[in-house]
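Written below as structure tokens is the structure these notes are about.
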Amino acid sequence: MEFYNALGTPERKDQFLRVANFYFYLVQRGDWVTTAPNCNSVVDYLSNSYKMVGIFALVESLSEERHEDFFTWLNKRDLDETFPIASKERLAELHRDYKATYGSIRRCVDFFARLPVDRQKMLCNAVKLNRKPLPNIKKFAEFLYTIRSKFVHEADLVLWLSGSSIRREGSKTVHTELTIPVIMSAMEEGLVAYFREKSPLLAK
């Protein structure tokens, strides 16, 4: 209650209650239940897939910026400098700029970057590419966002969050020691850090 009262404005309190409520139902208690015969009622990889969608939806909802697609972002730039786009390389460069300055992934990176350094290191060590831990929390956030996006856009189920798993991704071997409780714990710690940073009474 002390934390809640220190959030300050009614708008900030409402935001906290909205995210906490959605998190409880979508993620913490959001198991996907099936009534199909001859199988477990809760299938972990299905639950994990939907929980990852819920986590990133909530993270993105915290941003004060509204979503803006790449085409809209392009058209807000100086048209004489932007168009015509001379090559595929230039288009790729513009898209990288978009993702760095306005893309959804940046919001996710910003969120996880608020975690304490030791927590960031633990998360990075839980994912290894060719036996090497991820170098920073940006790469970790991108890894999770890619998992979420593959489910949303390609129906590729999240199989990485049930403990130790090894998988080939192109020329790389990806070894993870992640579980959904670890991601949830990081999410909860990140939410506290976010509201602490945004609330003057808590930031002191």
Practice prompt. Would you check which residues across the stretch 146-163 are surrounded by 14 or more Cβ atoms within 10 Å (Cβ to Cβ) and either touching a strand residue (DSSP E or B) at 6+ places or on another chain (Cβ under 8 Å) or within 17 Å of D31 (Cβ to Cβ) (or both) and list them?
Written response: F151, L157, V158, L159, W160, L161, S162
Worksheet entry | Filter result (within 15 Å of the chain's Cα centre (by Cα) and not in a loop (DSSP other than H, G, I, E, B)) within the stretch 101-126 | S104, I105, R106, R107, C108, V109, D110, F111, F112, Q120, L123, C124
Worksheet item: Which of the residues that make up the stretch 157-204 are at pLDDT 90 or above, part of a loop (DSSP other than H, G, I, E, B) and farther than 26 Å from L62 by Cα?
Response: E177
Discussion item. When the residues of the stretch 62-90 are narrowed to those that are surrounded by 13 or more Cβ atoms within 10 Å (Cβ to Cβ) and in a helix (DSSP H, G or I), which ends up modelled with the lowest pLDDT?
Written reply: T82
Item to complete: Looking at (1) surrounded by 12 or more Cβ atoms within 10 Å (Cβ to Cβ); (2) modelled with pLDDT of 90 or more; (3) of a type outside the set (F, W, Y), find the lone condition where R29 falls short.
Response: (1)
Discussion item. If the requirement is being modelled with pLDDT under 85 and out of contact with any Pro (no Cβ under 6 Å at 6 or more places or on another chain), which of these qualifies: R119, R131, R106, R114?
Written reply: R106
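The values are calculated or read from the model by the stated rules, or taken from the named source; none is laboratory data. All values reported here derive from a predicted model rather than from experimental measurement. Positions of Cβ are generated from backbone atoms using ideal geometry, with glycine treated the same way; all protein chains shown enter the neighbour counts.
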